1. Scan segment 83-92 and give yes if some residue there is within 20 Å of the chain's Cα centre (by Cα), buried (at least 17 other Cβ atoms within 10 Å of the Cβ) and not assigned by TED's automatic domain parsing to the domain that holds Ile349, otherwise no.
2. Part of a helix (DSSP H, G or I), buried (at least 19 other Cβ atoms within 10 Å of the Cβ) and in the same structural domain as Ala135 (by TED's automatic domain parsing) - does that describe any residue in segment 163-178?
3. Just one of the numbered conditions (1) outside any helix (DSSP H, G or I); (2) of a type in the set (Val, Ile, Thr); (3) more than 20 Å from Arg54 (Cα to Cα) is not true of Ile200; which one?
4. Of these, Gly35, Gly26, which one is over 30 Å from Glu347 (Cα atoms) and touching a strand residue (DSSP E or B) at 6+ places or on another chain (Cβ under 6 Å)?
5. Check whether at least one residue in segment 102-110 is farther than 21 Å from Arg226 by Cβ, surrounded by fewer than 23 Cβ atoms within 10 Å (Cβ to Cβ) and touching a residue at least 40 places away in the same chain (Cβ under 8 Å), and report yes or no.
6. Within segment 10-39, work out how many residues are touching a Pro at 6+ places or on another chain (Cβ under 6 Å) and in a helix (DSSP H, G or I).
7. Would it be correct to say that Glu300 is of a type in the set (Asp, Glu) and either farther than 27 Å from Ser224 by Cβ or in a loop (DSSP other than H, G, I, E, B) (or both)?
8. Just need a number here: residues in segment 309-327 that are surrounded by 24 or more Cβ atoms within 10 Å (Cβ to Cβ), in contact with a strand residue (DSSP E or B) (Cβ under 6 Å, 6 or more places away or on another chain) and at pLDDT 95 or above.
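The values are calculated or read from the model by the stated rules, or taken from the named source; none is laboratory data. Remember, predicted model here, so these are calculated numbers, not experimental data. We place every Cβ from the backbone using ideal geometry, glycine too, and count neighbours over all the protein chains shown.
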Amino acid sequence: MIEVSSVQREKMTEPDALGFFGDYGGRFVPEPLIGACQEVEAAFRDAWSDNAFRQEFLDVLTHYVGRPSPMTFCANLSADLGLNLYLKREDLNHTGSHKVNNVIGQALLAKRMGKTHLIAETGAGQHGVATATAAALFGMSCTVYMGEVDMKRQELNVFRMGLLGATVIPAISGSKTLKDAVNEAMRAWVTEVEHTYYCIGTVMGPHPYPWMVRSFHEIIGCESQRQFIDRLGKMPDLAVACVGGGSNAAGLFAGFVDHPETRLIGVEPAGGAAVGRGVPAVVHGMKAHFMQDEVGQVLEAESISAGLDYPGVGPEHSNLADIGRAEYHPVTDEMVVDAFMVLSRREGIIPALESAHAIAWVIENAKDLAGKNVLVNLSGRGDKDVAQVRELLGQ
């Protein structure tokens, strides 16, 4: 079992006293939620410094989730592309993605705080499934808010959440996608805060959530670093992950951020490239990059992937971009579908559409990466996306 790192890094450290990573982050919430956020922060600080809590977290990840997740060398695709491609297999976790790491941590924290009800937002449904799973495991009730559009394109995950005992409530305002699900979940939290814990699914939202969610996902980077050194005796040349809010990327980057020999690459959907196209704004309780129009209204993101269909990015990613430690690049939906098919047919691994963004960037840039050791975080499996891709292909 690989421990979650407690090493003090030079970068991706704890935010400042106000919850900022450089110029980004903070806690911008209505008065009724200030106390709730402070309660979560105090509880997390206490729990994360408690060896018994950390051990329980790691035990559940080991014996229930199935960690450590393996690292797979893609021999066929590596030969095709002229580079050495390795996948960190978060798709093999129980529930099918990286989301469960963070949810187990937050559910254990909620239990420690005496909360009895979990609420969550979800885009592609993987965070909702993970939250419903944890609620069932720990004997809690669960409500998940999901955009009406996403409920239609992710019907399988909606059904899975119901099987696990969760109530799924559609968000019917705005674009009816992830942004609107976050809005509905935050509104619900205001009215239910006494007995309810809001289990945020990515490195966004008011302090302490971006820091806390990254901390629970650092196990991805810790395992990856150890696995890469054990296998090759050195760090990868690149660590690549898809970015919507950015939790899987934050977890991966944490293992390599203090090693300048490893380039950190975040891959965004071209229709939702918050780092590439956005400007700083205060939305959903935090200051970070968001896509906006000329009068400051938040634009709707457009992505084939429901999990990346978000117009913003986590504040720590905004800071990593500003200081030049991580790069963020867009890929198109067409490139993503092609990558989905290529990985499926060349390696027998069907990726989530989210994860296929990272594969697409590697394929597109293969000539420039010739001979490099490239680590991609395969953040989820593609079962949930098969029907959508089938429809897109007209089959």
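1. no
2. So far as segment 163-178 goes, yes, one or more of its residues are part of a helix (DSSP H, G or I), buried (at least 19 other Cβ atoms within 10 Å of the Cβ) and in the same structural domain as Ala135 (by TED's automatic domain parsing).
3. The one condition Ile200 does not meet is (3).
4. Checking each option against the conditions leaves just Gly26.
5. Scanning segment 102-110 turns up at least one residue that is farther than 21 Å from Arg226 by Cβ, surrounded by fewer than 23 Cβ atoms within 10 Å (Cβ to Cβ) and touching a residue at least 40 places away in the same chain (Cβ under 8 Å).
6. 1
7. Criteria met by Glu300.
8. Within segment 309-327, residues that are surrounded by 24 or more Cβ atoms within 10 Å (Cβ to Cβ), in contact with a strand residue (DSSP E or B) (Cβ under 6 Å, 6 or more places away or on another chain) and at pLDDT 95 or above number 7.
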